[in-house]
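The values are calculated or read from the model by the stated rules, or taken from the named source; none is laboratory data. All values derive from a computational prediction rather than experimental measurement. Virtual Cβ from ideal backbone geometry, glycine too; neighbours counted across all protein chains shown. Only protein heavy atoms, including side chains, enter the accessible area calculation; ligands, DNA and RNA are left aside. Shrake-Rupley method; radii C 1.70, N 1.55, O 1.52, S 1.80 Å.
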Amino acid sequence: MAELFDGIGRHIHYLRVAVTDRCNFRCRYCMPACGVEWLEHDDILRYEELVRIIGAFARLGVDKVRITGGEPLVRKGLLPFLQEVVGIPGIKEVGLTTNGSFLEEYAHLLKEAGVSRINVSLDTLDRERFIKLTGQDKLAQVLAGIKKAQKVGLTPIKINMVVMKGFNDHEIVDMAKLAMDHPYQIRFIEYMPFRPGENYLFTAAEMKQQLVAAGFTKLIPQLGGSCPAKIFNIPDSKGSIGFITPISQHFCSSCNRIRLTPDGYLKPCLLSNDEYPLRGSLRSGMSDKELLEKIKQVVWNKPKHHYLAKGEKSDRGMSRIGG
Ligand code: SAM
């Protein structure tokens, strides 16, 4: 069985695929307030191209795929595509990251398509703040969607909260309480400054201080696992909480992933401007052998550290990379 390694020996077996740059939300940490120009339809990889690329990765030992965006559930024809991905030999797990606004309607269909688990973005439990953050009055739909996903067994559900200083940092305790009453894994994510001049960083250390002050003094670390989140059990709780610390404690040395952007670039690191175009070559007759060689070459050149560690800024917003 083939395995993919990069130039410093990291085993790469996790592919994140952004199927669209479009989204019905305008989260302020993700898109600039003035909005973004959408990619042209023809610049977005077709489903058959995505399946071909994912198949090539699977032949090289990638076994885990996460579908993201933009908002993946806004792309038409997603369910049959997901079924195809689930059926690719070697792929053991297909997950999906969503803003949750269509989840109530889609949860059972995702389950039927063979999706294993979902991550839902939820940054606030306050309706007004939700509207301010996302530009949409959809908190109730997202909460209903999460419930439905739990019911149909898309579990364990991971809920991602991007913590922004001065905006939602005072809601950490309420979010942690959600994990006490429900079997969710609530993950507090440090805000990543994609654009110059932004300063919303609230570190995991500050988050923990708040939790301890509110009585969460007995967090029990979960051992093992390869995800970047450090996960803790809370005594007498149904769920757990975690911290994702791309800024205060980056986890580049254990990174096992590579990304495919909606317009067909391979990005070996989320927070590096290195990217390698595939779409043009695919559409002008690239052979399977050439595709496999290209993937190996890109993986081999995965940056050692992300650029934030070097003080640079991103050329692309998150919606065009795939979070
Ligand atoms: N639409 C889907 C959603 O809302 O989850 C998937 C795409 S969204 C870009 C995926 C994730 O990117 C979000 O959960 C959020 O955690 C993360 N993200 C985007 N911008 C971020 C930023 N500036 N800092 C930290 N995380 C960010």
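Name the helices (runs of 4 or more DSSP H) wholly within the stretch 71-182 that hold at least 1 residues that are polar (S, T, N, Q)?
In the stretch 71-182, 78-86, 127-134, 139-152 are the helices (runs of 4 or more DSSP H) which contain 1 or more residues that are polar (S, T, N, Q).
For residue 241, state whether it is open to solvent by less than 30 Å² (accessible area, probe 1.4 Å), within 30 Å of residue 15 (Cβ to Cβ), touching a Gly at 6+ places or on another chain (Cβ under 8 Å) and modelled with pLDDT of 95 or more.
no
Only one of 96, 82, 78 is within 20 Å of residue 263 (Cα to Cα), near the ligand (Cβ under 10 Å from one of its atoms) and in contact (Cβ under 8 Å) with a residue 24 or more places away in the chain. Can you tell me which?
The conditions single out 96.
Please specify each residue of the stretch 84-114 satisfying the condition of being farther than 17 Å from residue 18 by Cα, crowded, with 16+ Cβ neighbours inside 10 Å and charged (D, E, K, R).
Within the stretch 84-114, 104, 111 qualify.
Among the candidates 55, 69, which residue alone is away from the ligand (no atom under 15 Å from the Cβ) and either out of contact with any Phe, Trp or Tyr (no Cβ under 7 Å at 6 or more places or on another chain) or at pLDDT below 95 (or both)?
Result: 55 is the single residue among 55, 69 that is away from the ligand (no atom under 15 Å from the Cβ) and either out of contact with any Phe, Trp or Tyr (no Cβ under 7 Å at 6 or more places or on another chain) or at pLDDT below 95 (or both).
Taking residue 23 as the residue in question, decide whether it is under 27 Å from residue 101 (Cβ atoms) and either out of contact with any helix residue (DSSP H, G or I) (no Cβ under 7 Å at 6 or more places or on another chain) or of a type in the set (D, E, K, R) (or both).
Judged against the criteria, residue 23 is not a match.
For the stretch 223-233, give me each residue that is open to solvent by 50 Å² or more (accessible area, probe 1.4 Å) and within 22 Å of residue 174 (Cβ to Cβ).
230, 233
Taking residue 167 as meeting all but one of (1) within 21 Å of the chain's Cα centre (by Cα); (2) within 21 Å of residue 200 (Cβ to Cβ), write down the number of the exception.
Exception for residue 167: condition (1).
Closer than 25 Å to residue 290 by Cβ, touching a His at 6+ places or on another chain (Cβ under 7 Å) and surrounded by 17 or more Cβ atoms within 10 Å (Cβ to Cβ) - does that describe any residue in the stretch 21-44?
Scanning the stretch 21-44 turns up no residue that is closer than 25 Å to residue 290 by Cβ, touching a His at 6+ places or on another chain (Cβ under 7 Å) and surrounded by 17 or more Cβ atoms within 10 Å (Cβ to Cβ).
Does residue 285 qualify as being in a loop (DSSP other than H, G, I, E, B) and modelled with pLDDT of 95 or more?
So residue 285 fits the description; yes.
Pairs under 9 Å by beta carbon, first residue assigned to a helix (DSSP H, G or I) in the stretch 306-321, partner away from the ligand (no atom under 11 Å from the Cβ) and at pLDDT below 65, six or more apart or different chains?
Here the result reads 307/313, each pair linking the stretch 306-321 to a residue that is away from the ligand (no atom under 11 Å from the Cβ) and at pLDDT below 65.
Can you pull out the residues in the stretch 16-43 that are under 26 Å from residue 284 (Cβ atoms) and either more than 15 Å from the ligand (Cβ to nearest atom) or among the small types (Gly, Ala, Ser) (or both)?
Answer for the stretch 16-43, where residues must be under 26 Å from residue 284 (Cβ atoms) and either more than 15 Å from the ligand (Cβ to nearest atom) or among the small types (Gly, Ala, Ser) (or both): 18, 37, 40, 41, 42, 43.
Quick one: in the stretch 1-19, of everything that is assigned to a loop (DSSP other than H, G, I, E, B) and either free of Cβ contacts under 8 Å to residues at least 60 places away in the same chain or in contact with a helix residue (DSSP H, G or I) (Cβ under 6 Å, 6 or more places away or on another chain) (or both), which residue is surrounded by the fewest Cβ atoms within 10 Å (Cβ to Cβ)?
So the residue we want is 9.
Are there any pairs, at least 6 apart or on different chains, whose C-beta atoms fall under 6 Å, with the first in the stretch 160-174 and farther than 17 Å from residue 212 by Cα and the second of a type in the set (A, V, I, L, M) and crowded, with 19+ Cβ neighbours inside 10 Å, and if so, which?
Cβ pairs passing all conditions: 160/189; 161/175; 162/189.
Looking at the stretch 197-213, can you tell me whether even one residue there is within 16 Å of the ligand (Cβ to nearest atom) and surrounded by fewer than 14 Cβ atoms within 10 Å (Cβ to Cβ)?
Checked the stretch 197-213: at least one residue is within 16 Å of the ligand (Cβ to nearest atom) and surrounded by fewer than 14 Cβ atoms within 10 Å (Cβ to Cβ).
Residues in the stretch 30-56 that are assigned to a loop (DSSP other than H, G, I, E, B) and in contact with a Pro (Cβ under 9 Å, 6 or more places away or on another chain): how many?
3
From the list 117, 129, which one is open to solvent by 10 Å² or more (accessible area, probe 1.4 Å) and either within 13 Å of the ligand (Cβ to nearest atom) or touching a strand residue (DSSP E or B) at 6+ places or on another chain (Cβ under 9 Å) (or both)?
From the options 117, 129, the qualifying one is 117.
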